[in-house]
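As C-alpha coordinates, the structure follows; a few thoughts come after it.
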(Lines give C-alpha, C1' and ligand atoms only; values in the text may rest on other atoms or scores of the structure.)
Protein backbone atom coordinates (compact mmCIF):
# COMPACT_ATOMS: atom_id res chain seq x y z
CA UNK A 1 0.00 0.00 0.00
CA UNK A 2 1.26 3.48 -0.80
CA UNK A 3 2.57 5.38 2.19
CA UNK A 4 1.16 8.50 0.53
CA UNK A 5 -2.24 6.99 -0.21
CA UNK A 6 -4.10 9.87 1.45
CA UNK A 7 -2.08 12.41 -0.51
CA UNK A 8 -2.79 10.54 -3.72
CA UNK A 9 -6.54 10.51 -3.10
CA UNK A 10 -6.60 14.18 -2.10
CA UNK A 11 -4.65 15.19 -5.20
CA UNK A 12 -6.76 13.03 -7.50
CA UNK A 13 -9.99 14.44 -6.03
CA UNK A 14 -9.14 17.75 -7.70
CA UNK A 15 -8.61 16.25 -11.13
CA UNK A 16 -10.97 17.26 -13.88
CA UNK A 17 -11.57 15.66 -17.27
CA UNK A 18 -8.70 16.36 -19.63
CA UNK A 19 -6.15 17.25 -16.95
CA UNK A 20 -2.80 15.52 -17.22
CA UNK A 21 -1.24 12.84 -15.02
CA UNK A 22 2.34 11.67 -15.47
CA UNK A 23 3.71 8.34 -14.24
CA UNK A 24 7.51 8.22 -14.35
CA UNK A 25 9.34 4.94 -14.97
CA UNK A 26 6.28 2.75 -14.61
CA UNK A 27 7.18 -0.96 -14.71
CA UNK A 28 4.67 -3.50 -16.00
CA UNK A 29 4.59 -7.26 -15.45
CA UNK A 30 6.68 -7.86 -18.57
CA UNK A 31 9.51 -5.69 -17.31
CA UNK A 32 8.78 -2.83 -19.70
CA UNK A 33 9.69 0.58 -18.26
CA UNK A 34 7.79 3.56 -19.59
CA UNK A 35 7.14 7.22 -18.96
CA UNK A 36 3.47 7.90 -19.60
CA UNK A 37 1.36 11.05 -19.63
CA UNK A 38 -2.39 10.69 -19.87
CA UNK A 39 -5.69 12.55 -19.63
CA UNK A 40 -7.64 12.08 -16.42
CA UNK A 41 -11.27 11.06 -16.01
CA UNK A 42 -12.02 10.31 -19.67
CA UNK A 43 -15.69 10.36 -20.65
CA UNK A 44 -16.59 6.76 -21.50
CA UNK A 45 -19.59 7.61 -23.66
CA UNK A 46 -17.85 10.33 -25.65
CA UNK A 47 -14.78 8.17 -26.18
CA UNK A 48 -16.87 5.35 -27.63
CA UNK A 49 -18.95 7.71 -29.77
CA UNK A 50 -15.82 9.30 -31.25
CA UNK A 51 -14.39 5.85 -31.87
CA UNK A 52 -17.55 4.75 -33.67
CA UNK A 53 -17.45 7.85 -35.90
CA UNK A 54 -13.79 7.28 -36.75
CA UNK A 55 -14.46 3.61 -37.52
CA UNK A 56 -17.24 4.60 -39.93
CA UNK A 57 -14.79 6.88 -41.76
CA UNK A 58 -12.20 4.10 -41.93
CA UNK A 59 -14.80 1.76 -43.41
CA UNK A 60 -15.70 4.34 -46.10
CA UNK A 61 -12.12 5.38 -46.88
CA UNK A 62 -11.00 3.88 -50.19
CA UNK A 63 -7.43 4.97 -49.45
CA UNK A 64 -7.26 3.45 -45.97
CA UNK A 65 -4.17 1.46 -45.07
CA UNK A 66 -2.59 0.22 -41.86
CA UNK A 67 0.57 -1.75 -41.16
CA UNK A 68 0.27 -4.95 -39.16
CA UNK A 69 2.98 -7.09 -37.62
CA UNK A 70 2.11 -10.66 -36.74
CA UNK A 71 3.51 -14.12 -36.01
CA UNK A 72 2.48 -17.50 -37.36
CA UNK A 73 3.27 -21.21 -37.24
CA UNK A 74 3.97 -22.41 -40.79
CA UNK A 75 3.48 -26.05 -41.73
CA UNK A 76 5.25 -28.04 -44.44
CA UNK A 77 2.68 -26.91 -47.03
CA UNK A 78 3.26 -23.25 -46.23
CA UNK A 79 -0.10 -22.93 -44.48
CA UNK A 80 -0.27 -20.49 -41.57
CA UNK A 81 -1.55 -21.64 -38.17
CA UNK A 82 -2.09 -20.01 -34.81
CA UNK A 83 -0.85 -22.99 -32.75
CA UNK A 84 2.38 -24.88 -32.41
CA UNK A 85 2.42 -28.46 -33.68
CA UNK A 86 4.85 -31.05 -34.98
CA UNK A 87 6.32 -30.05 -38.31
CA UNK A 88 5.44 -26.38 -37.96
CA UNK A 89 7.99 -23.57 -37.92
CA UNK A 90 7.51 -20.30 -36.06
CA UNK A 91 7.80 -17.19 -38.19
CA UNK A 92 7.81 -13.88 -36.34
CA UNK A 93 7.60 -10.24 -37.34
CA UNK A 94 5.54 -10.74 -40.50
CA UNK A 95 4.86 -7.21 -41.76
CA UNK A 96 1.99 -6.36 -44.09
CA UNK A 97 0.18 -3.27 -45.30
CA UNK A 98 -3.56 -3.85 -45.09
CA UNK A 99 -5.55 -1.75 -47.55
CA UNK A 100 -9.22 -0.98 -48.09
CA UNK A 101 -9.56 -3.92 -50.51
CA UNK A 102 -8.17 -6.52 -48.10
CA UNK A 103 -10.46 -9.55 -47.82
CA UNK A 104 -10.17 -9.62 -44.00
CA UNK A 105 -10.83 -5.91 -43.42
CA UNK A 106 -14.67 -6.05 -43.30
CA UNK A 107 -14.62 -8.78 -40.63
CA UNK A 108 -11.95 -6.93 -38.66
CA UNK A 109 -13.99 -3.72 -38.72
CA UNK A 110 -17.08 -5.67 -37.59
CA UNK A 111 -15.12 -7.06 -34.63
CA UNK A 112 -14.01 -3.58 -33.58
CA UNK A 113 -17.52 -2.17 -33.98
CA UNK A 114 -19.01 -4.92 -31.81
CA UNK A 115 -16.54 -4.05 -29.07
CA UNK A 116 -17.68 -0.42 -29.24
CA UNK A 117 -21.46 -0.89 -29.33
CA UNK A 118 -21.62 -4.08 -27.25
CA UNK A 119 -18.53 -4.15 -25.00
CA UNK A 120 -17.83 -7.27 -23.00
CA UNK A 121 -19.05 -6.83 -19.44
CA UNK A 122 -16.43 -7.58 -16.81
CA UNK A 123 -17.21 -8.03 -13.14
CA UNK A 124 -14.56 -6.45 -10.95
CA UNK A 125 -14.12 -5.30 -7.39
CA UNK A 126 -13.10 -1.71 -8.04
CA UNK A 127 -14.44 1.17 -5.99
CA UNK A 128 -13.98 4.73 -7.22
CA UNK A 129 -12.35 6.76 -4.46
CA UNK A 130 -11.40 9.86 -6.50
CA UNK A 131 -11.40 10.98 -10.11
CA UNK A 132 -9.63 8.32 -12.21
CA UNK A 133 -8.58 6.67 -8.93
CA UNK A 134 -9.90 3.28 -7.84
CA UNK A 135 -9.21 0.79 -5.09
CA UNK A 136 -9.62 -2.94 -5.53
CA UNK A 137 -11.36 -4.63 -2.60
CA UNK A 138 -9.54 -7.89 -3.22
CA UNK A 139 -5.99 -6.58 -3.55
CA UNK A 140 -6.21 -3.33 -1.59
CA UNK A 141 -4.20 -1.67 -4.36
CA UNK A 142 -4.80 1.72 -5.92
CA UNK A 143 -5.28 1.97 -9.67
CA UNK A 144 -5.38 4.89 -12.07
CA UNK A 145 -8.18 3.94 -14.47
CA UNK A 146 -10.43 5.58 -17.03
CA UNK A 147 -7.50 7.50 -18.47
CA UNK A 148 -6.47 8.11 -22.10
CA UNK A 149 -2.84 8.05 -23.18
CA UNK A 150 -1.49 11.42 -24.37
CA UNK A 151 2.10 10.28 -24.84
CA UNK A 152 4.22 7.29 -23.91
CA UNK A 153 7.95 6.72 -24.07
CA UNK A 154 9.35 3.22 -23.64
CA UNK A 155 12.54 3.58 -21.60
CA UNK A 156 13.31 -0.13 -21.58
CA UNK A 157 11.63 -2.81 -23.66
CA UNK A 158 9.88 -5.66 -21.89
CA UNK A 159 9.97 -9.38 -22.58
CA UNK A 160 6.70 -10.52 -24.12
CA UNK A 161 5.55 -14.00 -25.06
CA UNK A 162 5.26 -14.68 -28.78
CA UNK A 163 1.56 -14.78 -29.67
CA UNK A 164 0.23 -16.14 -32.96
CA UNK A 165 -3.20 -14.63 -33.50
CA UNK A 166 -5.49 -15.03 -36.48
CA UNK A 167 -4.72 -12.44 -39.15
CA UNK A 168 -8.17 -10.85 -38.90
CA UNK A 169 -7.68 -10.37 -35.15
CA UNK A 170 -4.32 -8.66 -35.70
CA UNK A 171 -5.97 -6.29 -38.18
CA UNK A 172 -8.76 -5.58 -35.69
CA UNK A 173 -6.23 -4.82 -32.94
CA UNK A 174 -4.31 -2.48 -35.26
CA UNK A 175 -7.50 -0.60 -36.17
CA UNK A 176 -8.48 -0.37 -32.50
CA UNK A 177 -5.13 1.23 -31.75
CA UNK A 178 -6.04 4.03 -34.18
CA UNK A 179 -9.20 4.89 -32.22
CA UNK A 180 -9.70 6.70 -28.90
CA UNK A 181 -10.73 3.42 -27.27
CA UNK A 182 -7.26 2.12 -28.10
CA UNK A 183 -5.78 4.79 -25.83
CA UNK A 184 -7.51 3.53 -22.67
CA UNK A 185 -5.04 2.41 -20.03
CA UNK A 186 -4.93 1.28 -16.40
CA UNK A 187 -1.98 1.67 -14.03
CA UNK A 188 -1.34 -0.10 -10.75
CA UNK A 189 0.10 2.24 -8.14
CA UNK A 190 1.45 0.04 -5.37
CA UNK A 191 4.71 -0.29 -3.46
CA UNK A 192 5.50 -3.83 -4.56
CA UNK A 193 8.82 -4.55 -6.20
CA UNK A 194 8.44 -5.90 -9.74
CA UNK A 195 10.47 -8.93 -10.84
CA UNK A 196 12.49 -8.04 -13.93
CA UNK A 197 13.43 -10.52 -16.69
CA UNK A 198 17.10 -10.36 -15.65
CA UNK A 199 16.29 -11.40 -12.09
CA UNK A 200 16.55 -7.94 -10.57
CA UNK A 201 13.71 -6.04 -8.90
CA UNK A 202 12.48 -2.51 -9.52
CA UNK A 203 9.80 -0.39 -7.84
CA UNK A 204 6.49 -0.22 -9.67
CA UNK A 205 7.09 3.47 -10.45
CA UNK A 206 9.35 6.32 -9.41
CA UNK A 207 6.75 9.04 -8.99
CA UNK A 208 3.34 10.26 -10.10
CA UNK A 209 2.76 13.92 -10.94
CA UNK A 210 -0.81 15.07 -10.32
CA UNK A 211 -1.63 18.75 -10.80
CA UNK A 212 1.96 19.68 -9.95
CA UNK A 213 1.84 17.38 -6.91
CA UNK A 214 4.68 14.85 -7.11
CA UNK A 215 4.04 11.65 -5.14
CA UNK A 216 6.82 9.07 -4.90
CA UNK A 217 6.50 5.36 -4.42
CA UNK A 218 8.00 4.48 -1.05
CA UNK A 219 9.69 1.48 -2.62
CA UNK A 220 11.67 3.83 -4.88
CA UNK A 221 12.70 6.15 -2.07
CA UNK A 222 16.10 6.01 -0.46
CA UNK A 223 16.12 4.48 3.00
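The values are calculated or read from the model by the stated rules, or taken from the named source; none is laboratory data. What you are looking at is a predicted structure, and each value in this text was computed from that prediction instead of being measured. Here the Cβ positions follow ideal geometry from the backbone for every residue, glycine too, while neighbour counts run over all protein chains shown.
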Would you be able to say whether some residue in region 137-149 is surrounded by 15 or more Cβ atoms within 10 Å (Cβ to Cβ), out of contact with any strand residue (DSSP E or B) (no Cβ under 6 Å at 6 or more places or on another chain) and at pLDDT 85 or above? no
Region 10-41: number of residues that are in contact with a strand residue (DSSP E or B) (Cβ under 9 Å, 6 or more places away or on another chain), at pLDDT 80 or above and part of a loop (DSSP other than H, G, I, E, B): 5
Give the residue, chosen from 167, 176, 185, that is within 30 Å of residue 56 (Cα to Cα), buried (at least 16 other Cβ atoms within 10 Å of the Cβ) and at pLDDT below 90. 185
Looking at region 56-67, I want the residues that are closer than 17 Å to residue 96 by Cβ and have a partner that is modelled with pLDDT of 95 or more and assigned to a helix (DSSP H, G or I) with Cβ atoms under 6 Å, at least 6 apart or on another chain. Which pairs are those? 64/58; 66/174
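This table checks each residue for (1) under 22 Å from residue 45 (Cα atoms); (2) in contact (Cβ under 8 Å) with a residue 40 or more places away in the chain; (3) part of a loop (DSSP other than H, G, I, E, B).
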| residue | (1), (2), (3) |
| --- | --- |
| 70 | no, yes, no |
| 78 | no, no, yes |
| 83 | no, yes, yes |
| 86 | no, no, yes |
| 90 | no, yes, no |
| 96 | no, no, no |
| 114 | yes, no, no |
| 135 | no, no, no |
Regarding region 43-54, can at least one residue be identified that is at pLDDT below 95, surrounded by 10 or more Cβ atoms within 10 Å (Cβ to Cβ), assigned to a loop (DSSP other than H, G, I, E, B) and within 23 Å of the chain's Cα centre (by Cα)? yes
